[in-house]
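Please read the structure below before turning to the comments.
The values are calculated or read from the model by the stated rules, or taken from the named source; none is laboratory data. Small disclaimer: the values here were computed from a predicted structure and weren't measured. Glycine also receives a Cβ, built like all others from the backbone with ideal geometry; neighbour counts cover every protein chain displayed. Remember, those area values only see protein heavy atoms, side chains included, never the ligands or the DNA or RNA. Shrake-Rupley method; radii C 1.70, N 1.55, O 1.52, S 1.80 Å.
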Amino acid sequence: MRRQLIAGNWKMNTNRASAAALAEGVAKAAASITDADLAVSPPSCYLETVGKALRGSRVALGAQNMYFEKDGAFTGELSAAMLVDLGCKYVILGHSERRHIFGEDDPLINKKVLAALAAGLAPIVCLGELLADREAGRTEQVVRTQFDGSLAGLTPEQICRVVIAYEPVWAIGTGRTATPQQAEEVHLILRRLLVDKYNGEAANRVIIQYGGSVKPDNAVELLGQPNIDGALVGGASLKVEPFLGIVAGRKR
Ligand code: PEP
């Protein structure tokens, strides 16, 4: 069985003190969890603080974004090497808020994915359809285009180091979750794309998370689906109890 990954995306929330306290709380509560991987992604200005709070724990550090260039005149940006330097294992790329608020497209996300992999980071690559796409029956077409574009040019070895997060945009931060069947259907499409584009072994190994209003009370059903290998969690990752409640809903 693939190892599940449950990752928190704190977005633009917390402050230095609350980020440290949340990280310490998650680290403590996760001490006995050995059958799944956990990660939290604080705002970049608190990566160092949170990294210190997580030191020696079972919880990995992730960033929420990065730029693909190695260094230079890119005001306001962070490179993959900087994230590695701060102790990050993961970086979230192509989150729907980056795509739809900041206008990131697949070619840009693809450059970031390749740069993250080259630096030794595990990119968590988000994709998912808008409500209008789902209502028009375009879900498969949209995720296929995002998959092809944001993961272009990866070798089978590289794809195995990528985490894919299927996040229907209409379910993010809305309290409206995809049903386990709706989510599993798309995860299966993604798994088949991995077979077609890479090979069966890669398809078997790649972790595909679900994200979109995951809460303790829907985690068991969502995470119980055969092709759902964990969750990317926004709102419910901002407190220890709901985040660990979701972790408790993992497949066993
Ligand atoms: C997210 O930001 O990736 C996310 C899934 O948010 P939420 O859990 O709040 O829907």
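Observations
- Taking region 84-121 as the range and being within 16 Å of the ligand (Cβ to nearest atom) and open to solvent by less than 20 Å² (accessible area, probe 1.4 Å) as the test, the residues that pass are Y90, V91, I92, L93, G94, H95, S96, E104, I109.
- Tallying residues that are under 21 Å from T14 (Cα atoms) and open to solvent by 30 Å² or more (accessible area, probe 1.4 Å) within region 59-79 yields 5.
- Helices (runs of 4 or more DSSP H) completely within region 184-252 that count 3 or more residues being open to solvent by 10 Å² or more (accessible area, probe 1.4 Å), under 18 Å from R58 (Cα atoms) and within 16 Å of the ligand (Cβ to nearest atom): 240-248
- Pairs, first free of Cβ contacts under 8 Å to residues at least 40 places away in the same chain in region 232-245, second assigned to a helix (DSSP H, G or I) and near the ligand (Cβ under 7 Å from one of its atoms), C-beta under 6 Å, six or more apart: P242/A236
- Single unsatisfied condition, G56 versus (1) at positive phi; (2) open to solvent by less than 20 Å² (accessible area, probe 1.4 Å): (2)
- Every pair of residues 6+ apart whose Cβ atoms lie under 6 Å, when the first sits in region 7-34 and is more than 16 Å from the ligand (Cβ to nearest atom) while the second is polar (S, T, N, Q): R16/T49; A19/T49; A20/T49; A27/S57
- When region 129-155 is filtered for residues that are of a type in the set (D, E, K, R) and within 20 Å of the chain's Cα centre (by Cα), the ones remaining, listed by number, are E129, E140, R144, D148.
- Only residues that are out of contact with any strand residue (DSSP E or B) (no Cβ under 6 Å at 6 or more places or on another chain) and open to solvent by less than 30 Å² (accessible area, probe 1.4 Å) were counted across region 24-46, and they come to 4.
- Checking L130 against (1) touching a helix residue (DSSP H, G or I) at 6+ places or on another chain (Cβ under 9 Å); (2) hydrophobic (A, V, I, L, M, F, W, C); (3) surrounded by 19 or more Cβ atoms within 10 Å (Cβ to Cβ), the condition it does not meet: (3)
- When I124, I172 are checked against the criterion of being out of contact with any strand residue (DSSP E or B) (no Cβ under 6 Å at 6 or more places or on another chain) and within 16 Å of the ligand (Cβ to nearest atom), I172 stands alone in meeting it.
- Filter result for A178 (surrounded by 22 or more Cβ atoms within 10 Å (Cβ to Cβ), in a loop (DSSP other than H, G, I, E, B) and not hydroxyl-bearing (S, T, Y)): yes
- Restricting region 150-164 to residues that are part of a loop (DSSP other than H, G, I, E, B) and hydrophobic (A, V, I, L, M, F, W, C) leaves a set whose member that is surrounded by the most Cβ atoms within 10 Å (Cβ to Cβ) is L151.
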